[in-house]
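The structure under discussion appears below in the form of structure tokens.
Since every read-out is calculated from the coordinates, none of them should be taken as a lab result. Computed from a predicted structure; not experimentally measured. Here the Cβ is made from the backbone with ideal geometry for all residues, glycine too, and neighbour counts use every protein chain on show.
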Amino acid sequence: MSSESYIFTQPTGLNVFEKYLSLWVILCIVGGVLLGKVAPETAKFLDEMAIYVGEAPVVSIPIAICLFFMMYPIMVKIDFAEVVKAGKSVKPVGLTLFVNWGIKPFTMYAISVFFLGTLFRGFIGSTAVDYVKMPLGLSLPVGAMHGVGKVVLVNGIKMLQVPLWRSYLAGCILLGIAPCTAMVLIWGHLAKGNDGHTLVMVAINSLAMLFLYGPLGGFLLGVGRLPVPWQSMFLSVSI
């Protein structure tokens, strides 16, 4: 029998914050809604801290800062030698690309249409409308139709009047197409997965987004007969 002693270390478990991360996310959503109801001026102030296209906020500066601080602690722990190895694994990366760009955008669109256009349409208001800016370069007379939008004058400015549920649908399309980056790193870290592999998939999907986000967003908005905010999409992708 060898006199050498062996020390076995038990893997550390999740701390309280990590273990109940889903709960904190839900509480933040509820807190944000309540803050918007109780102190609307605070919500308006945060909304105004954004990069604008015309009068529409496109990129939220507070959210961008929070995303950076959420990703940074995990990024500094990644072994980039593992990243190189992970980059040579074609199958999982290819599968991720196929799911994110060949399946997810279309299932997301179908789910959004079902919930917003059917299940919750009465709750939203079947006659409720929203006013959106005319797409860049489009000039139509008052009363003309563009997709499901009707050109009307709002405070002397030509706007498109669209059903409110379709305006929500546009938001679902533009948010749902983009693959998640920060939360992928978080969940991969919590699952004790291969951080190098996770980083490779996040990076490749981010690069794919530069080329696919605009065309897919424009296509699905067109299917929904909604105006396409090309300026906003190109600015978001560029940043």
* Expressed as a whole number of Å, what is the distance separating the alpha-carbon centroids of the stretch 25-41 and the stretch 165-236? -> 25 Å
* Estimate the FRET efficiency between Leu153 and Val90 by the formula 1/(1 + (r/R0)^6), using the beta-carbon distance for r and 41 Å for R0, to the nearest 0.05. => 0.15
* To do: In debye, nearest 20, what is the charge dipole magnitude of the stretch 26-115 about its Cα centre with +1 on Lys and Arg Cβ and -1 on Asp and Glu Cβ, if you could check?
  => 480 debye
* Structure fact -> Under 5 Å from the placed amide H of Ala144, counting only residues 5+ away or on other chains, we find Val151
* Can you flag which of Lys37/Lys192; Lys85/Lys192; Lys44/Lys104; Lys104/Lys192; Lys37/Lys133 are past 29 Å Cα-Cα? -> Lys37/Lys192; Lys44/Lys104
* Structure fact -> In order over the stretch 33-41: 3J(HN,Hα) from phi, Karplus 6.51/-1.76/1.60, θ = phi - 60°, whole Hz, x for each Gly or Pro, gives 5, 4, 4, x, 7, 7, 10, x, 5
* To do: Just grab the label-to-label distance for Leu235 and Ala39, each label 7 Å out from Cα along the Cβ direction, in nm (one decimal).
  => 2.7 nm
* Structure fact -> Between (i) 16.2; (ii) 13.6; (iii) 18.5, the structure-derived mean projected area of the Cα convex hull in nm² is (iii)
* Which one of Met70, Leu23, Val33 has its Cα pushed farthest toward the positive end of the charge dipole of the chain, where Lys and Arg give +1 and Asp and Glu give -1 at the Cβ? -> Val33
* With unit charges on the beta carbon (Lys/Arg positive, Asp/Glu negative), name the residue among Tyr213, Ala110, Leu164 whose Cα is farthest towards the positive pole of the charge dipole of the stretch 16-238. => Ala110
* Asked: Using modelled backbone amide H atoms (1.01 Å from N, in-plane), which distant-in-sequence or interchain residues come within less than 5 Å of Val129's amide H?
  -> Leu164
* Would you mind getting me the FRET efficiency between Val59 and Leu140? Use the beta-carbon distance for r and R0 = 25 Å, nearest 0.05. => 0.35
* To do: Evaluate the relative contact order of the chain (contact order divided by residue number), counting alpha-carbon pairs under 8 angstrom at least 6 apart; express in whole percent.
  => 21 percent
* Residue-averaged [θ]222 nm for the chain, counting only DSSP H segments that reach four residues, each worth -39500 (n - 2.57) -> -17500 deg cm²/dmol
* Considering only Ala182, Ala110, Ala208, give the residue with the highest GNM mean-square fluctuation for the chain, with springs between Cα atoms whenever their separation is below 10 Å. => Ala110
* Asked: Between Lys158 and residues 5 or more places away or on another chain, which pairs have amide H atoms under 5 Å apart, with H built 1.01 Å from N, and which residues are they?
  -> none
* Structure fact -> Within the set Val154, Val93, Val228, GNM on the chain using Cα springs under 10 Å gives the largest fluctuation to Val154
* Asked: Quick one: if you stick a label point 7 Å off each Cα along the C-beta vector at Phe219 and Leu21, how many nm between them?
  -> 3.1 nm
* Asked: Mind checking the dipole of the chain: about its Cα centre, +1 per Lys or Arg Cβ, -1 per Asp or Glu Cβ, Debye to the nearest 20?
  -> 660 debye
* Structure fact -> Note on the stretch 48-176: contact order normalised by length, alpha-carbon pairs under 8 Å, 6 or more apart, percent, works out to 19 percent
* **Gaussian network model of the chain, Cα within-10 Å springs - most flexible of Ile51, Ile177, Ile103** => Ile103
* Asked: Where in the stretch 85-174 are there chymotrypsin sites (Phe, Trp or Tyr not before Pro) that are in a DSSP coil and have at most 15 other Cβ atoms within 10 angstrom of their Cβ?
  -> Phe120
* Say R0 is 22 Å: what FRET efficiency, to the nearest 0.05, do Met49 and Cys28 get from their beta-carbon distance? -> 0.80
